[in-house]
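One structure is given below, encoded as structure tokens.
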Amino acid sequence: MTAGRDSHRHPMQWDPSPEGGFTTGRPWLPTVDPVERNVEAQRSDRESMLSLVRRLIALGGELDDGLELIEAEEGLLVLQRGRHVVAVNTSDRPLPLPSGGDPVLESEPGAAAGGRLAAHAGAVLR
């Protein structure tokens, strides 16, 4: 494994062409499966990563000022932002959420069901 961030980055892939519509030349960093992972393919998919990021950006304007770290089980990061609770499960198993509330946004449908947050998932609750 090499140090640095390049192994976690790649050009924005706009379409399924060999270089993802990023360039007509050869990008410095390689594309990652542009046929399947591109904006054009995700634009109309409400469950895509693109749609999730768009919903997160839109929700950001609704979050109140201030930030409080909430105690939670190991592997679970929980923050209070006004009336919203933001939770991210970094573990490989479902973990109990320390706060009630209804999901406003989930990284996948049902991720915050039954008072637990699914493995490798995130949610915003109110």
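The values are calculated or read from the model by the stated rules, or taken from the named source; none is laboratory data. It should be emphasised that the depicted structure is a prediction, and the values quoted were computed from it without experimental measurement. Every residue, glycine as well, gets a Cβ built from its backbone with ideal geometry; the counts of neighbours run over all protein chains shown.
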Considering only residues of the range 45-69 that are modelled with pLDDT under 90 and surrounded by 13 or more Cβ atoms within 10 Å (Cβ to Cβ), which is farthest from Val85 (Cα to Cα)?
Glu62
Output the number of residues of the range 95-115 satisfying the condition of being surrounded by 13 or more Cβ atoms within 10 Å (Cβ to Cβ) and either in contact with a helix residue (DSSP H, G or I) (Cβ under 6 Å, 6 or more places away or on another chain) or within 24 Å of Arg46 (Cβ to Cβ) (or both).
11
Failed condition for Val124, given (1) over 25 Å from Pro11 (Cβ atoms); (2) not in a strand (DSSP E or B):
(2)
Just name the residue that is nearest to Val85 (Cα to Cα) out of those in the range 20-32 that are surrounded by 11 or more Cβ atoms within 10 Å (Cβ to Cβ) and either among the hydrophobic types (A, V, I, L, M, F, W, C) or at pLDDT 90 or above (or both).
Val32
Identify all residues within the range 70-90 that are surrounded by 15 or more Cβ atoms within 10 Å (Cβ to Cβ), under 16 Å from His120 (Cα atoms) and among the polar types (S, T, N, Q); write none if there are none.
Asn89
The strands (runs of 3 or more DSSP E) lying wholly within the range 41-107 that contain at least 2 residues that are of a type in the set (Val, Ile, Thr) are 84-89
